[in-house]
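Beneath this line is the structure, given in structure tokens, with notes to follow.
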Amino acid sequence: MSTTLQASLLDLIRRTSSDLPADIREAMEKGRASELKDSRALMALDTIDCNIETAAAESAPICQDTGMIKFYVHYPIGYDILTFEDAARAAVAEATAIGYLRQNSVDSLTGKNTGNNLGPGTPQFHFQAWRNPTVDVRLMLKGGGCENVGAQYSLPFELKELGKKAGRDSEGVKLAVLDAVWKAQGKGCAPGYIGVCIGSDRAHGLELAKEQLLRVVGDTNPDATLAALESEITRICNGLGIGPMGFGGNTSLLGCKITSQNRLPASFFVSVSYACWAHRRRGVTLDPTTDEITGWLYEETTQALPH
């Protein structure tokens, strides 16, 4: 196993856990500017901001729940992904021992904590080969509280509280997403950041919705229809009055990112993945021959995903 690769991934874990990326910080600052002086919303955002700065300065976890550890890796053909998995698991165990990660992996049958964040299904890996010569590694630490308020709708769907029916069209999609955000309220540690998948099947739709959370707040969807829907949902959600941590205010959603996938005629799923304000995702590029970090991703607020 490569000790250099382990060290590179350890640094990625440390920074992901403790230092929010530029786009999330910028979105939070815009939220602070939109809230009234002396309001509970502004006080909540000020407290969050203090937490963000302290965590980064001390390389300490931003949240006590350091989340499900998810690696998204694009690699050149011929790259040894088995060695990557070994190095990543070793880095996760080391990061847990140091304190960059909380002991967060629990046996679902016995309730026993493994103590090192290793076990069946933790960490998670998503590998995709590509023809680029570098390795692109994205790490997401997805908290349990925000994961609990994710949702999936099978359209048509009756929204009983509103007395409306979400049909199999863009308006139905919008109603489903708004319902998910409204029901989350402060339980998902608002302001949230949501990923949405229209279509696909149940399992893949939820995974693709989560992958949308790898996009930066300031990017623009290449599909004009989806771009308009993203903007409209964000605007409406920030007018719902949920506010930071559910205290009320103008900052309920940092952004909405949507993908559309083909589906079967019999099914129409809308999958929503909710991330809290502590949206911890970072990335690096690696030299596949030396395993050294050649660049940090998410340093800009409009950086695109790999293709």
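Using only Cα coordinates, the Kirkwood hydrodynamic radius of the stretch 146-275 works out to 14.4 Å. Estimated at 0.36 nm per residue, the fully extended path between Ile77 and Ala57 surpasses their Cα-Cα distance by 3.4 nm.
Report, to the nearest whole %, how much of the accessible area of the stretch 99-250 belongs to carbon and sulfur atoms, 1.4 Å probe, protein only. Heavy-atom surface of the stretch 99-250 belonging to carbon and sulfur, 1.4 Å probe: 52 percent.
Where only DSSP H runs of four or more residues are counted, the chain gives -11500 deg cm²/dmol as its mean residue ellipticity at 222 nm, each run worth -39500 (n - 2.57). When only Cα pairs below 8 angstrom with a gap of at least 6 residues are kept, the stretch 146-275 shows a relative contact order of 40 percent.
Karplus-derived 3J(HN,Hα) values for the stretch 235-243, using 6.51 cos²θ - 1.76 cosθ + 1.60 with θ = phi - 60°, are 4, 5, 4, 6, x, 7, x, 5, x Hz; glycine and proline are entered as x. Taking a straight line from the alpha carbon of Lys160, these lysines sit under 30 Å away, with near neighbours fewer than eight places off in the same chain left out: Lys174, Lys183, Lys187, Lys210, Lys257. Along each principal axis, taking the top coordinate minus the bottom one, the Cα set of the stretch 222-275 gives 41, 22, 16 Å in descending order. For the stretch 173-227, the Kirkwood hydrodynamic radius comes to 12.5 Å, computed from all pairs of different C-alpha atoms.
The GluC sites (Glu not before Pro) of the stretch 142-173 that meet both conditions, a loop assignment by DSSP and at most 15 other Cβ atoms within 10 Å of the site Cβ, are Glu161. The residues of the chain expose, per residue, 45 Å² of accessible area to a 1.4 Å probe.
The values are calculated or read from the model by the stated rules, or taken from the named source; none is laboratory data. Keep in mind it's a predicted model, so treat the numbers as computed, not measured. Counting neighbours? That spans all protein chains shown, and the Cβs are built from the backbone with ideal geometry, glycine included. Each accessible area value is taken on the protein alone, full model and side chains, heavy atoms only, with ligands, DNA and RNA left out. Shrake-Rupley method; radii C 1.70, N 1.55, O 1.52, S 1.80 Å.
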